[in-house]
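The values are calculated or read from the model by the stated rules, or taken from the named source; none is laboratory data. Here the structure is a predicted model, which is why all the values come from computation and not from measurement. A quick note on method: Cβ atoms are made from the backbone with ideal geometry, for glycine too, and the neighbour counts reach across all protein chains shown.
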Amino acid sequence: MSLDAAVAARLKETVGAKGFSEDPQEIAPHLVEWRGKYRGRSDLLLKPQSMAEVSRLLAICNETRTPIVPQGGNTGLVGGQIPFDGEVVLSTARMNRIRHLDPDGLSVIADAGVVLARLQQEADEANRYFPLSLASEGSCTIGGNVSTNAGGVNVLRYGSMRELVLGLQVVLADGRVLDSLRTLRKDNAGYDLKQLFIGAEGTLGIVTAAALKLFPKPLARATAFVAVPDVTSAISLLHRMQEATGGLVSAFELISRAGLDMVLAHIPQTRDPLVRPSPWYVLLEVESGAKLPLKDIAENRLAAAAERGCATDAVLADSDAQRANLWRLRESLSEAQKHEGGSIKHDISVPIAAIPEFLERGIAAAERLMPGIRPVPFGHLGDGNIHFNFSVPQDGDNAAFLARWDDLNRVVHDIVHDFGGSISAEHGIGVMKREEIRRYKGPAEIETMRALKRTLDPNNILNPGKVISL
């Protein structure tokens, strides 16, 4: 599509000289996601500074049937933030105020463009804790986190973004403002409308601000990197650690030896924290807002696990620096895999007890489909979310490998479905899985999603072509 000049003039006038760009060089970074898998096109980047400007922009777009794609930090992995057909791009980057932080009320209200790491820091300086944590936290934004229902490493203890949102301010397709920016912990007055927009990827409205939960700042923490002989042993360790700490395990991350080898080979200043290699590892963390002897508890539980054969070696972080080094091994996995050539990624979840069998079946099926394929599974074992990734065979052809993306997806997703799992645990649907969900969701689910889209965005201007096809 090409943007009508008169419409473009109205949009630019709404945001003023600093609120838009037609410079191809400035627009270019907004047109490609970080892996380079998806590339789009657009001639106009809008940079509103307030909810009022977003409201006026959407009113114009709705009136003129002008499609628009909202974008936060552009860290998405399913193409949900990319303008594929020349749509206008709306960046929330200039909407970056932390409006109110209430330490006593354990809440914060932040604009959509606030970077996650900054919100974490502001909470920390107020002696409070915002637990959402993911590898892209230095660039992803609160609006994007809401719109994708971001998960990350602490979902086990604190829940995904859906559980952290108290209220939202959302601009609807026609420019009306749905303002439920409340910090109430209990509100049973009718439908919980904010839930419609969490995880909707900007297809039902544009989030302009969010009221979020805060927690007491952890005063005690124990972090351990543990070698385990198999995934079944890792799950046993998870349950026993939860029992020993009264449910204080905040993160429980699975890492394969193949993944660790990639990190050690490609990420500077990393080293193997253990002496001998193991087929699997767990990075676990327990934390409390009270001064509990968590390191002693963790050490005792790990010793007991070693006696039972559920753990073969472990190291407990003795300092913040050592903790950061252990987490760097986990958080660098995606970056390290890029250095190994083409990769096909799956963001799936299955019941925790089913993960060992799923991994066995999934890896075997992938190897039958593409002999020599290199499995690199890792992720949030504690909540059942595995990033079931595969790298191109050693010395294989990247293009030929990536051409089988859909074939491998079908094999993996069918197995996920057999286990009653989800083909998208935390990355969303975007354009990548838009057609796939029609295979795995029931007709009533699909039609209800379409009905919501038609009701809230009858002219299909909001992020068209993403999540659900009309």
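Listed values, structure above:
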{"quantity": "The one condition in (1) surrounded by fewer than 17 Cβ atoms within 10 Å (Cβ to Cβ); (2) closer than 15 Å to Ala258 by Cβ; (3) in contact with a helix residue (DSSP H, G or I) (Cβ under 8 Å, 6 or more places away or on another chain) that Ala365 fails to fulfil", "calculated": "(2)"}
{"quantity": "Qualifying residue in the stretch 24-37 (condition: among the basic types (Lys, Arg), under 19 Å from Asp111 (Cβ atoms) and not assigned by TED's automatic domain parsing to the domain that holds Ala200)", "calculated": "no"}
{"quantity": "Qualifying positions in the stretch 35-55 - small (Gly, Ala, Ser) and farther than 16 Å from Phe84 by Cα", "calculated": "Ser50, Ala52, Ser55"}
{"quantity": "Among the candidates Val231, Val226, residue that is surrounded by 17 or more Cβ atoms within 10 Å (Cβ to Cβ) and over 24 Å from the mean Cα position of the chain (by Cα)", "calculated": "Val226"}
{"quantity": "Residue tally, condition surrounded by 18 or more Cβ atoms within 10 Å (Cβ to Cβ) and either in a loop (DSSP other than H, G, I, E, B) or touching a Lys or Arg at 6+ places or on another chain (Cβ under 7 Å) (or both), over the stretch 287-311", "calculated": "7"}
{"quantity": "Odd one out for Ser136, checked against (1) farther than 22 Å from Leu381 by Cβ; (2) surrounded by fewer than 24 Cβ atoms within 10 Å (Cβ to Cβ)", "calculated": "(1)"}
{"quantity": "Criterion violated by Ala222 - all others in (1) among the small types (Gly, Ala, Ser); (2) within 30 Å of Leu274 (Cβ to Cβ); (3) touching a Cys at 6+ places or on another chain (Cβ under 8 Å) satisfied", "calculated": "(3)"}
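Per-residue answers, yes or no, for (1) crowded, with 19+ Cβ neighbours inside 10 Å; (2) modelled with pLDDT of 95 or more; (3) in a strand (DSSP E or B); (4) within 24 Å of the chain's Cα centre (by Cα):
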site	(1), (2), (3), (4)
Ser42	yes, yes, no, no
Ala52	no, yes, no, no
Ser55	yes, yes, no, no
Cys61	yes, yes, no, no
Gly73	yes, yes, no, yes
Leu77	yes, no, no, yes
Pro83	yes, yes, no, yes
Met95	yes, yes, no, yes
His100	no, yes, yes, no
